[in-house]
Amino acid sequence: MVVIVDTISNPLRPRHPEKVNRPDSASPPKPNWIRVRAPNTRGYADTRNIVRANGLHTVCEEAGCPNIGECWDKKHATFMIMGDTCTRACAFCNVKTGLPNALDAAEPEHVAEATAKLGLAHVVVTSVDRDDLADGGAEHFAQTIRAIRAACPSTTIEILTPDFLRKDGALEVVAAAKPDVFNHNLETVPSRYLTVRPGARYFHSIRLLQRVKEIDPTIFTKSGIMVGLGEERHEVQQVMDDLRSADVDFLTIGQYLQPTRKHHAVMRYVPPDEFSSYEKVAYTKGFLMVSASPLTRSSHHAGEDFARLKAARAAQAR
Ligand code: SF4
């Protein structure tokens with residue numbers, strides 16, 4: 001018998017093959033406080049052209065972020081490195097899943113070039129999960145940080161990394177490249193992990209954030225969760241305490257939105273006043289910065305937030 005491997009990519013391949021046979025799950029209609037700007041401005045088009053010209057992927061597009069019209073108009077794009085295909089299959093995420101291609105060795109330079117062309121004072125770089133790589137992509141992250149530093153010395157760098165689960169030494173490689181902000185999202189409360197983020201482990205993620213501070217206390221640490229996934233209020237408060245125990249500086253809380261009917265349903269749209277209440281509680285627990293609103297995303301207003309973060313640390317030191 002001959003096995004023929006068809007190496008031509010199949011345009012009919014579903015974006016999330018693991019979800020195809022799941023039953024549809026319906027979310028309630030969006031409330032009027034979830035309103036976004038249409039992506040049709042000149043700034044948006046310029047940003048898209050620069051992203052395309054450098055052959056890059058962005059989480060803004062791949063995750064279907066609701067803020068893309070606003071952010072790209074201001075030339076704020078969040079680069080997603082190591083390809084467009086993720087080796088995990090989280091129930092909330094719209095990034096394509098499957099077996100990724102080999103790493104593009106020129107990508108760090110291309111990210112640096114795009115950062116310069118966009119004139120970014122603060123750049124955010126994230127990635128897909130690369131469980132297929134021995135180091136989870138840690139060295140590629142470090143190379144990207146170094147390439148941006150070389151091309152744009154005054155640009156501050158924020159990274160949003162995967163958890164590098166079972167990749168010993170990976171975190172240390174990334175931290176040694178000295179990003180200004182190290183973000184790793186918890187995504188949800190521990191009781192929802194098995195359904196929302198089954199490939200990850202809550203306490204591993206907490207420990208990862210704690211390790212970053214142990215390795216280099218000057219690096220700001222940041223983490224975020226989505227609400228509306230069936231969590232209880234007391235669980236969100238427990239997450240705040242766990243993050244403060246790991247010395248995390250910055251917390252983001254945003255509303256989960258369902259990318260397709262095959263993804264986890266929105267269990268509830270949390271009203272804006274509840275986000276304000278979370279923000280107040282989080283500040284009392286000692287975070288330097290908190291952003292909590294329906295459309296809060298890790299990288300939304302990241303540049304302005306970084307300036308406020310630095311100011312808050314300086315004020316604390318006085
Ligand atoms: S919030 Fe982040 S992911 Fe969304 S469009 Fe803005 S920069 Fe991109």
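Got at least one residue in region 253-260 being of a type in the set (Phe, Trp, Tyr), within 16 Å of the ligand (Cβ to nearest atom) and closer than 19 Å to GLU187 by Cβ?
Scanning region 253-260 turns up at least one residue that is of a type in the set (Phe, Trp, Tyr), within 16 Å of the ligand (Cβ to nearest atom) and closer than 19 Å to GLU187 by Cβ.
Only residues that are surrounded by fewer than 23 Cβ atoms within 10 Å (Cβ to Cβ), in contact with a helix residue (DSSP H, G or I) (Cβ under 8 Å, 6 or more places away or on another chain) and not small (Gly, Ala, Ser): list them for region 146-170, please.
ARG146, CYS152, THR155, THR156, LEU165, LYS167
If you take the residues of region 190-231 that are of a type in the set (D, E, K, R) and in a helix (DSSP H, G or I), which of them is farthest from ASP168 (Cα to Cα)?
ARG192
Mind checking whether some residue in region 143-156 is within 16 Å of the ligand (Cβ to nearest atom) and of a type outside the set (A, V, I, L, M)?
yes
Have a look at SER191, SER223, SER245 and point out the one that is under 26 Å from ARG146 (Cβ atoms) and modelled with pLDDT of 95 or more.
Exactly one residue qualifies, and that residue is SER223.
This table checks each residue for (1) aliphatic (A, V, I, L, M); (2) modelled with pLDDT of 90 or more; (3) closer than 16 Å to ASP73 by Cα; (4) in contact with a Gly (Cβ under 8 Å, 6 or more places away or on another chain).
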site	(1), (2), (3), (4)
GLU18	no, no, no, no
ASN21	no, no, no, no
ASP24	no, yes, no, no
PRO31	no, yes, no, no
ASN40	no, no, yes, yes
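When the residues of region 279-307 are filtered to those that are part of a helix (DSSP H, G or I), farther than 21 Å from TYR269 by Cβ and more than 20 Å from the chain's Cα centre (by Cα), which remaining residue is farthest from the ligand (Cβ to nearest atom)?
Top of the filtered list is THR284.
Does region 128-142 contain any residue that is buried (at least 23 other Cβ atoms within 10 Å of the Cβ), within 16 Å of the ligand (Cβ to nearest atom) and either in contact (Cβ under 8 Å) with a residue 40 or more places away in the chain or among the acidic types (Asp, Glu) (or both)?
Within region 128-142 (the criterion being buried (at least 23 other Cβ atoms within 10 Å of the Cβ), within 16 Å of the ligand (Cβ to nearest atom) and either in contact (Cβ under 8 Å) with a residue 40 or more places away in the chain or among the acidic types (Asp, Glu) (or both)), the answer is yes, since at least one residue qualifies.
Please go through region 260-278 and give me each residue that is assigned to a helix (DSSP H, G or I) and touching a strand residue (DSSP E or B) at 6+ places or on another chain (Cβ under 9 Å), ordered by number.
Within region 260-278, GLU274, PHE275, SER276, SER277, TYR278 qualify.
Evaluate the following for ALA302: is it touching a His at 6+ places or on another chain (Cβ under 7 Å) and under 28 Å from ALA77 (Cα atoms)?
Answer is yes for this residue.
Residues SER223, SER245: which one is polar (S, T, N, Q) and crowded, with 17+ Cβ neighbours inside 10 Å?
None of the others qualify; the one that does is SER223.
Only one of these is among the charged types (D, E, K, R), more than 19 Å from ALA302 (Cα to Cα) and out of contact with any Gly (no Cβ under 9 Å at 6 or more places or on another chain): ASP241, ASP249. Name it.
Checking each option against the conditions leaves just ASP241.
The values are calculated or read from the model by the stated rules, or taken from the named source; none is laboratory data. Being a predicted model, the structure only gives us computed values, none of them experimental. As a convention, Cβ positions derive from the backbone with ideal geometry for all residues, glycine included, and neighbour counts pool all protein chains shown.
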